[in-house]
Amino acid sequence: MKKADLDWENLGFGYIQTEKRYVTNFKDGKWDSGEITSDANIVLNECAGVLQYAQTVFEGLKVYTTKDGHIVAFRPDLNAERLMDSCKRLEMPVLSEEQFIDGLEKLVMANEEYVPPFGTGATLYIRPYMFGSNPVIGVKPADEYQFRIFATPVGPYFKGGIRPLRLCVSDFDRAAPHGTGNIKAGLNYAMSLHAIVTAHANGYDENVYLDPATRTKIEETGGANMLFVSKDGKKIVIPKSDSILPSITRRSLVTVAKDYLDMEVEQREVLFEELGDFSECGLCGTAAVISPVGTIEGKGKEYSFQDGFEGRGPVITKLYETLTGIQTGQIEAPEGWIKRFA
Ligand SMILES: *Cc1c(COP(=O)(O)O)cnc(C)c1O
């Protein structure tokens with residue numbers, strides 16, 4: 001397969017439009033069979049449900065080339081499952097795992113020339129999303145929906161070296177108890193924009209959100225789950241809360257820690273006050289896999305996690321290398337983790 005004429009090594013993390021995307025419509029209670037289209041634009045009625053009441057959910061995953069030349073995705077079945085959970089919470093029609101994977105396969109094959117070659121550090125970022133498309137003026141779920149998947153080639157998250165992140169505790173809350181924090185919906189991001197712009201203006205990279213009820217427990221950042229390493233380096237501690245988005249990267253790292261690195265994993269409530277007990281902190285998500293956290297500031301305190309090293313700490317490095325080794329086919333993956341398209 002001929003590859004697109006792109007400078008793979010120097011791609012940034014932005015939207016590059018490709019020629020093809022997948023689209024399927026939900027009407028009269030059912031999804032159509034879905035097709036590839038060249039049209040990147042969507043024409044909607046002014047009163048479409050998504051425009052008035054933000055009825056939209058999304059997913060994010062990566063497609064890439066393994067060392068032995070296969071085009072694969074990492075655990076896309078979990079994206080399909082999470083999308084279903086998001087849809088149910090916003091009263092949107094679900095899409096079966098079969099249709100999700102079928103659409104993904106069509107999209108990937110139509111964008112084969114944009115799947116970066118192995119070793120460039122680049123990947124093809126995949127964005128599946130669904131929205132209410134027919135006019136809705138009284139507050140109720142739409143009757144018609146569109147589900148789309150587009151692809152955009154992206155470069156490595158950390159270009160020119162890893163820089164530990166500076167985080168601050170946000171004065172704003174991300175997700176109410178029993179709210180929508182555990183689903184991947186645009187609404188969770190809309191309300192985070194003011195908080196992130198504020199954090200950036202104050203010189204921080206990201207916000208840490210606390211539990212809104214007591215503001216004593218760590219939840220996650222605006223777009224990544226958190227993990228902590230105990231001082232003896234033998235244990236991973238992961239905040240537990242019903243309003244944290246179930247990150248596929250974080251769930252995979254739990255398996256890596258337990259089954260590949262023989263570490264103990266504790267999922268429990270983590271107090272802001274106990275951050276001084278940890279030696280490393282990382283942010284987990286598809287884009288960067290694990291980003292090291294340098295400091296977390298809040299409540300008049302500053303916790304540092306970079307004692308004696310730069311970049312990723314020793315435990316986070318092991319987790320990162322093992323998971324990326326599994327993803328690229330250099331370490332044997334657990335059954336079903338790698339979906340091969342070509
Ligand atoms: C998408 C997302 C993550 C990361 O999930 P992955 O499946 O690992 O990419 C974490 N937190 C939030 C709020 C998210 O939206």
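The values are calculated or read from the model by the stated rules, or taken from the named source; none is laboratory data. Small disclaimer: the values here were computed from a predicted structure and weren't measured. For accessibility, only protein heavy atoms count, side chains too; no ligands or nucleic acids. Shrake-Rupley method; radii C 1.70, N 1.55, O 1.52, S 1.80 Å.
For the chain, with every protein chain kept in place, what is the accessible area per residue (1.4 Å probe, Å²)?
46
Mind checking which of 94, 139, 237 has the largest fluctuation in a GNM of the chain, springs on alpha carbons under 10 Å?
Maximum among the listed residues: 139.
Could you put 89, 21, 251, 163 in order of accessible surface area, largest first, with the 1.4 Å probe and the full protein assembly present?
163, 89, 251, 21
In the chain, what percent of the accessible surface is made up of carbon and sulfur (1.4 Å probe, ligands and nucleic acids excluded)? Don't skip to the answer; put the middle values down first.
Details: 7680 of 15640 Å².
Solvent-exposed carbon and sulfur of the chain make up 49 percent of the total.
Using the Karplus equation 6.51 cos²θ - 1.76 cosθ + 1.60 (θ = phi - 60°), what ³J(HN,Hα) coupling, rounded to whole Hz, does each residue of segment 186-192 give in order, writing x for Gly and Pro?
Values, residue by residue: x, 4, 5, 8, 4, 7, 8 Hz.
In 5 Å bins starting at 0, how do the alpha-carbon pair distances of segment 8-154 split up by percent?
Pair shares across the bins are 2, 10, 19, 21, 19, 14, 8, 5, 2, 1, 0.
Tell me which residues come under 5 Å, amide H to amide H, from residue 221 once H is placed; ignore anything under 5 positions away on its chain.
Under 5 Å from the amide H of residue 221: 209, 226.
At a probe size of 1.4 Å, how large is the accessible area of residue 109, to the nearest 10 Å²?
Counting only protein heavy atoms, residue 109 exposes about 70 Å² to solvent.
How large is log10 I(q)/I(0) at q = 0.07, 0.09 Å⁻¹ when the Debye formula is applied to the Cα atoms of the chain, each weighted equally and without solvent?
Scattering profile of the chain, log10 relative to I(0): -0.30, -0.50.
Tell me, what ³J(HN,Hα) does each residue in segment 174-182 have, in order and in whole Hz, if you take phi through Karplus 6.51 cos²θ - 1.76 cosθ + 1.60 with θ = phi - 60° and put x for Gly and Pro?
Whole-Hz 3J(HN,Hα) from phi for segment 174-182: 8, 9, 5, x, 6, x, 10, x, 8.
Check every DSSP H run in the chain and write down those whose alpha carbon atoms cover 27 angstrom or more along the long axis and whose mean Kyte-Doolittle hydropathy is 1.6 or greater. If you can, show how the numbers build up before the last one.
Values: long enough: none.
Both cut-offs are met by no helix.
Mind listing the phi-derived Karplus ³J(HN,Hα) values for segment 5-15, rounded to whole Hz, using 6.51, -1.76 and 1.60 with θ = phi - 60°, and x for any glycine or proline?
My calculation for segment 5-15 gives 7, 10, 8, 3, 5, 10, 5, x, 10, x, 7 Hz in order.
Taking a threshold of 28 Å on the Cα-Cα distance, which of the pairs 20/140; 20/184; 231/301 fall above it? If you can, show how the numbers build up before the last one.
Working: 20/140 32 Å; 20/184 24 Å; 231/301 19 Å.
Correct reply: 20/140.
If you average the C-alpha positions of segment 205-223 and of segment 280-327 separately, how far apart do those two centres end up, in angstrom?
17
At what distance in angstrom do the alpha carbon centres of segment 240-267 and segment 129-159 lie from each other?
28
Beyond 19 Å, what percent of the Cα pairs of segment 82-202 remain? The partial results should precede the final answer.
Values: 4788 of 7260 pairs.
Percentage above 19 Å: 66.
Over 22 Å, how big is the tail of the calculated P(r) for segment 146-228, in percent of all Cα pairs?
Taking all Cα-Cα pairs of segment 146-228, the fraction more than 22 Å apart is 36 percent.
List the residues whose amide H sits under 5 Å from the amide H of residue 269, counting only those 5 or more places along or on another chain, with H placed 1.01 Å from N in the peptide plane.
Residues meeting the criterion, in which the H sits 1.01 Å from N, are 240.
Give me the log10 of I(q) over I(0) for segment 165-327 at q = 0.09, 0.10, 0.13, 0.15 Å⁻¹, as the Debye formula computes it from C-alpha points; what are the numbers?
Rounded to two decimals, the profile gives -0.26, -0.33, -0.57, -0.77.
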